[in-house]
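Notes for the one structure printed next.
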Amino acid sequence: MSSSKESDLELMLGDPKRAIRSMVVAFFLALAIVQINQFVDTFWVSGLGAHASSAIATAIPIYGLIMCAGLGVGTGVTTCISFHLGRGSNEYAGRLAGNSLILGVVFAVIGSVLAAVFAGPIFAIMGASGIEDDCMLYLWPYILLSPFLLCETIVGSALRGEGAAKKATVVQVSAAVFNMIIDPIFIYGLGMGVFGAGLATCVAALLSMLVGLGWYTSGNTVVKLERDSFRADKEAMKDILGIGGPKTVQMLVSNATDVVQRVFLIAAGGTNSVMYYNYAWRYIELVNLPGRSYENAMVPVCSAGYGQKDYRKMREGFRYATKMTLMFSIVFTIFILVLAEPLMALLTYEESMAALRPEFVWTLRVSALLIPFTALMGIGSSMLQTMKRAALSMNFYFVWAFIKLAMYAVSAYFFGSFEGIIYSMVAVHVFGGICLMWMSRRQYSRICDEEQTGQNVS
């Protein structure tokens, strides 16, 4: 077993292209299973009718807000573990992993309390009249069981940080598989409806978290999770939050923007417009999987390169991930443009949904135009993260969110146009992709210049 552990670490610290290729298949499989799971979830929920589907689409951003801290901490621990393994600080990497789980539980409790208090008023502000009860029914399992959701994410992130892509994949895949099995049982078998859809996701996360912790208890990891690892360590928490904090804020801004966006969507096109948007994004997220896979593989490789002060390795990893991401994004954009109608037919089989299919198809086709630029935003933001410049990415997202909402407000309240919001969405993603790529390249040049002049860039 030790040879396997060593090979993961050696690959991550070696040739960047080879390291990314060795991880990307596992990451793609994990993300693909997760997305397939979301489609399966959507399929079962669609059987409840348009009313329930609209309620879940409206509630999803609140769930996203709860998850932001966990995803941010996960991002921080992945980067920090890779960086310190590049420095040879294996013991400290264990403290990082343990303290990330402490942070996950703390943030889960805070997020759940805030969601329980403010979700109702937020739904009212969004204009979700007539579906508020179903929105809350779907959300309550996430509120009550959020520590399992966040810690499952963090365990997988810690495994990615040591280059253990296959182990991290097992964690993610197990969550999706468990959910696929439990979903129809809870929704229909036990008659729980939308509440069952939310509960199934949370139970699956609990089981998956146990799978991930099993890797550590078996001793089959480079990073060791021991009793001392769970002692609160200010230095470790500071390191994690130095990256995870800005990333959390960035995702909070993004998800809060998504909530406000739904207000504009409802104002412009009624509650069904949220459903059109949500279903289109199911496919957008699916075809972005290759790009996200290369992005996820790039982070530990480039973070380790930064720890090693091997800036050539960082550049090669970044360029390779960008090239592959763009290639896949363009191919899948064309695929969706051509096959939008049969793709939407898969998700709108119920009679009340089928009557709305032309609107679903139009939304999907226009939204597909932003796919390459969404991928570039992910690559650019992740590269800033690997260079410990997450705060720059966060600041950009503040500006980006303001521009985005301003354009949506104009479309909704001055023109009353759902179509205008969708066109605006494409435009702001084009802008975001170009800007973040430029920022990441500029920061890379800066750390290289600082190294040449003998300054401390770590």
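The values are calculated or read from the model by the stated rules, or taken from the named source; none is laboratory data. This structure is a prediction, so every number in the text was calculated from the model and none was measured. A quick note on method: Cβ atoms are made from the backbone with ideal geometry, for glycine too, and the neighbour counts reach across all protein chains shown.
What the table shows:
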read-out: From the options Ser82, Ser53, Ser112, residue that is part of a helix (DSSP H, G or I), at pLDDT 75 or above, more than 28 Å from Met383 (Cα to Cα) and in contact with a Ser or Thr (Cβ under 7 Å, 6 or more places away or on another chain); value: Ser112
read-out: Single residue of Thr363, Thr348, Thr386 found to be crowded, with 16+ Cβ neighbours inside 10 Å, over 26 Å from Tyr279 (Cβ atoms) and of a type outside the set (A, V, I, L, M, F, W, C); value: Thr386
read-out: Identity of the residue in the range 194-223, assigned to a helix (DSSP H, G or I) and among the β-branched types (Val, Ile, Thr), that ends up farthest from Ala164 (Cα to Cα); value: Val194
read-out: Odd one out for Arg442, checked against (1) in contact (Cβ under 8 Å) with a residue 24 or more places away in the chain; (2) surrounded by fewer than 16 Cβ atoms within 10 Å (Cβ to Cβ); (3) closer than 20 Å to Val301 by Cα; value: (1)
read-out: Test: Ser381 is buried (at least 19 other Cβ atoms within 10 Å of the Cβ), in contact with a Ser or Thr (Cβ under 8 Å, 6 or more places away or on another chain) and without any contact (Cβ under 8 Å) to a residue 24 or more places away in the chain; value: no
read-out: Residue in the range 392-410 that is buried (at least 18 other Cβ atoms within 10 Å of the Cβ), assigned to a helix (DSSP H, G or I), among the polar types (S, T, N, Q) and touching a Ser or Thr at 6+ places or on another chain (Cβ under 8 Å) present; value: yes
read-out: The range 387-402 residues that are within 12 Å of Gly245 (Cβ to Cβ), paired with ones that are among the hydrophobic types (A, V, I, L, M, F, W, C) and surrounded by fewer than 21 Cβ atoms within 10 Å (Cβ to Cβ) (beta carbon under 6 Å, 6 or more apart); value: Met394/Val249
read-out: Tabulated pairs, the range 152-167, first modelled with pLDDT under 80, second crowded, with 24+ Cβ neighbours inside 10 Å and part of a loop (DSSP other than H, G, I, E, B), C-beta under 7 angstrom, 6+ apart or interchain; value: Glu162/Val223
read-out: Every residue from the range 280-294 that is outside any loop (DSSP other than H, G, I, E, B), under 14 Å from Met377 (Cβ atoms) and under 12 Å from the mean Cα position of the chain (by Cα); value: Glu285, Arg292
read-out: Residue selected from the range 213-237 under the condition crowded, with 20+ Cβ neighbours inside 10 Å and among the polar types (S, T, N, Q), by the criterion farthest from the chain's Cα centre (by Cα); value: Ser229
read-out: Evaluation of Asp310 against (1) within 24 Å of Arg442 (Cα to Cα); (2) modelled with pLDDT of 85 or more (one fails), failing number; value: (2)
read-out: Some residue of the range 413-420 being of a type in the set (Phe, Trp, Tyr), in a helix (DSSP H, G or I) and without any contact (Cβ under 8 Å) to a residue 24 or more places away in the chain; value: yes
read-out: Boolean, Lys388 is within 30 Å of Asn90 (Cβ to Cβ) and in a loop (DSSP other than H, G, I, E, B); value: yes
read-out: Residue match in the range 257-273 (condition: of a type in the set (D, E, K, R), more than 15 Å from the chain's Cα centre (by Cα) and not in a helix (DSSP H, G or I)); value: no
read-out: In the range 53-97, the residues that are without any contact (Cβ under 8 Å) to a residue 12 or more places away in the chain and either at positive phi or buried (at least 24 other Cβ atoms within 10 Å of the Cβ) (or both); value: Gly88
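This table checks each residue for (1) more than 18 Å from the chain's Cα centre (by Cα); (2) surrounded by fewer than 24 Cβ atoms within 10 Å (Cβ to Cβ).
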site: Ser146; (1), (2): no, no
site: Ala165; (1), (2): no, no
site: Ser174; (1), (2): no, yes
site: Gly189; (1), (2): yes, yes
site: Met192; (1), (2): yes, yes
site: Ala197; (1), (2): yes, no
site: Ala200; (1), (2): yes, no
